[in-house]
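The values are calculated or read from the model by the stated rules, or taken from the named source; none is laboratory data. Note that this is a predicted model, so its numbers are computed, not measured. Counting neighbours? That spans all protein chains shown, and the Cβs are built from the backbone with ideal geometry, glycine included.
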Amino acid sequence: MAFIALDLAVPEMPEQPGEPAIKLMERGLFQSALGVNRVRNKQGTGHGRPWLSTLSDEQAKAAIEIMGTVSGYLLARLSMRESRNNPL
């Protein structure tokens, strides 16, 4: 819902002729976030599960970095939208 609220592209929105290339990146960020969510739910890393995760340190680090990138982009877009709606 955050992607939709910020008017970002998601995979369910088909690519339009001539659309900005950034829309493909947004779809990729969305897919990456879904992938990390699935991995974390299945493997338990970061969720306090009572068993050890089967993810390698590199995989866990990549998941953390991906979500940091997605979160940073979402927050930047939110800030950009708010600054346009609330000029000084």
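Worth a mention:
- Top-ranked residue of the stretch 22-57 - restricted to ones that are more than 18 Å from MET1 (Cβ to Cβ), basic (Lys, Arg) and surrounded by fewer than 15 Cβ atoms within 10 Å (Cβ to Cβ), ranked as modelled with the lowest pLDDT: ARG49
- For the stretch 61-70, the count of residues that are closer than 16 Å to PRO11 by Cβ, at pLDDT below 95 and buried (at least 16 other Cβ atoms within 10 Å of the Cβ) is zero.
- Pairs where the first residue, in the stretch 66-88, is hydroxyl-bearing (Ser, Thr, Tyr) and the second is part of a helix (DSSP H, G or I), C-beta under 7 Å, 6+ apart: TYR73/LEU29
- Residues in the stretch 3-28 that are more than 18 Å from SER79 (Cα to Cα) and either within 12 Å of the chain's Cα centre (by Cα) or of a type in the set (Asp, Glu) (or both): VAL10, GLU12, GLU15, GLU19, MET25, ARG27, GLY28.
- Of all positions in the stretch 4-21, at least one carries a residue that is assigned to a helix (DSSP H, G or I), surrounded by 11 or more Cβ atoms within 10 Å (Cβ to Cβ) and among the hydrophobic types (A, V, I, L, M, F, W, C).
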